[in-house]
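Notes to accompany the following structure.
The values are calculated or read from the model by the stated rules, or taken from the named source; none is laboratory data. The structure displayed is predicted, hence computed values, not measured ones. Heads up, the Cβs are rebuilt from the backbone with ideal geometry, glycines too, and the neighbour counts pull from every protein chain shown.
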Amino acid sequence: MRALILYIEDNFENRLLVRRILEAEGYRVVEAEDGPRGLELARSMHPDLILVDLHLPDIDGYELVRRFKQMPHLQGIPIVALTADVIRGTRERALATGCDGYIPKPIDVDALPEQIAAFLKNREAPHGR
Ligand code: MN
């Protein structure tokens, strides 16, 4: 079964770019363009990985991650933050919130497949489906 990725991002160009790269790698991608939709999807699906933009207009990425961490069916699922914020401390804050890792924007098209594969490989344990 191809890995399923939930991707929450408000920027249309980023969604297009990331989806194109991940689908070319054989992943299935489900997108949400805002926090509420991301939460709704996360409740109803069993993704293998969640990719979340930290800067969203309504519920920010940090709050989304906190809520994902409270959902029993998402335990052990890698949550990876995406952000253009280069301010020192962003990475630490993302990890402290519960993210398993961090991918900086702009997206490195050549590096993304390897970054995603590494996070999927480091999953804590397989989950029931
Ligand atoms: Mn954004």
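Points worth noting:
- Any hit, region 85-97, residues being in a helix (DSSP H, G or I), charged (D, E, K, R) and touching a helix residue (DSSP H, G or I) at 6+ places or on another chain (Cβ under 8 Å): yes
- Helices (runs of 4 or more DSSP H) fully within region 5-84 counting 1 or more residues that are polar (S, T, N, Q): 12-24, 35-44
- Residues of region 1-36 that turn out to be charged (D, E, K, R) and touching a residue at least 24 places away in the same chain (Cβ under 8 Å), as a count: 8
- Any chance Arg91 is closer than 19 Å to Ala118 by Cβ and either buried (at least 16 other Cβ atoms within 10 Å of the Cβ) or within 15 Å of the ligand (Cβ to nearest atom) (or both): yes
- Those residues of region 63-86 which are farther than 16 Å from Glu31 by Cα, in contact with a Leu (Cβ under 7 Å, 6 or more places away or on another chain) and either at pLDDT 95 or above or hydrophobic (A, V, I, L, M, F, W, C) (or both), in sequence order: Arg67, Ile77, Pro78
- Those residues of region 40-57 which are more than 20 Å from Lys105 (Cα to Cα) and surrounded by fewer than 18 Cβ atoms within 10 Å (Cβ to Cβ), in sequence order: Glu40, Leu41, Arg43, Ser44, Met45, His46
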